[in-house]
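The values are calculated or read from the model by the stated rules, or taken from the named source; none is laboratory data. The shown structure was predicted, so the numbers you read here are calculated from the model rather than taken from an experiment. For neighbour counting, all protein chains shown are included, and Cβ atoms are generated from backbone atoms with ideal geometry for every residue, glycine included.
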Amino acid sequence: MERLNDDCVCNILEFLPLVEQIKMARLAPRFQELLCLIVWRKPRYRKVSVSDSMLEPLCKEDYVYFFELTSPAMEELYIWNVHKKAFDSYLGRHLMRPELAFYLRRDYSNLRELCIADESMNNSMINTIAKSCRRLRSLSVSSAYVTGKHIAGLANLESLVAPECSVERVYLAELLEQLPLKHLDLTSNRHPVEATILQAEGSKRLQRLGLSDAQDYGFPLADSLPQLTQLVVSYHKISPQNQLAMLDTTRKRVAESVGKFPKRLQSILCNVVDVEVALEQIAGLEKRHPRDTPKFNELLKIMYFLSNPQGGDKKSP
């Protein structure tokens, strides 16, 4: 192979599984260079998930080697609870995959999107990301230890998805003013943030917003944010009676707006399906985007027949 030109070598390397590619990279500097500069620059290697099937056959040593060589070219990276990965010993003392800190130490000079679903994430790690991911446009994290500190250091960030975090109002106001955010999801945040979003001038750039326990299902926010097209709301500690009462006030709010309620809204999502349907009706979305209504009577008949196939069609005497 050493006599072949670079194009021929790359064609051969591309047909090899990742395990064999890594063996070739270790074999000669030329192969490593061709893999790093050409083969591993393909989209498949620039958009990586730690649960990707191509990584499964790798031993820990090869896994680390691959990430060290390819991280500078990565554009999207998805990391899921690394501490729950399989162990290579019965006692569970040696992880087959590196810990979260390993990923954060890499060079991500071209990374655009980063998703870390790991409950151990904290502000210090966010600070590391802000320093190593200068081009990051989308960040997804979920951890009670993330308060919003250092996120403003991600100057190009357009999307922040941070459910079940502890984003504090002072940091939220800071990042809304300093970052070009278009998508913000703070559902199940441990601090109330609705008032901060309403007051921040930077909120007017938001096109998609997700939050929990919003007043009147977030409709006041939809009125105030001129670019908003998608609204996601969730409720967890509200009684059915209070939900019905809030639906009534929301319906009145829209009725009294005399056509001023924003027709730019394209979707409203809620964790309570019945409420979501009601909100779509209130906002007129069911006319713009018709949806199939479940035929509950038919479903009940099927469920009853399956649970009682012998007597499902029998009439009582």
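Within the set ALA155, ALA144, the sole residue that is touching a Lys or Arg at 6+ places or on another chain (Cβ under 9 Å), in contact (Cβ under 8 Å) with a residue 40 or more places away in the chain and not assigned by TED's automatic domain parsing to the domain that holds SER234 turns out to be ALA144.
With aliphatic (A, V, I, L, M) and either out of contact with any strand residue (DSSP E or B) (no Cβ under 8 Å at 6 or more places or on another chain) or in the same structural domain as MET121 (by TED's automatic domain parsing) (or both) as the only criterion, which of LEU139, LEU186, LEU175, LEU181 stands out?
LEU139 is the lone residue from the list that is aliphatic (A, V, I, L, M) and either out of contact with any strand residue (DSSP E or B) (no Cβ under 8 Å at 6 or more places or on another chain) or in the same structural domain as MET121 (by TED's automatic domain parsing) (or both).
Looking across GLU14, GLU2, GLU56, one residue alone is more than 24 Å from SER109 (Cα to Cα) and within 26 Å of the chain's Cα centre (by Cα). It is GLU56. Taking the criterion of being among the aliphatic types (A, V, I, L, M) and in contact (Cβ under 8 Å) with a residue 40 or more places away in the chain, the residues of the range 51-83 that qualify are LEU58, LEU69.
What are the residues in the range 110-124 that are within 18 Å of ALA152 (Cα to Cα) and either assigned to a loop (DSSP other than H, G, I, E, B) or of a type in the set (Gly, Ala, Ser) (or both), if any?
LEU111, ARG112, MET121, ASN122, SER124
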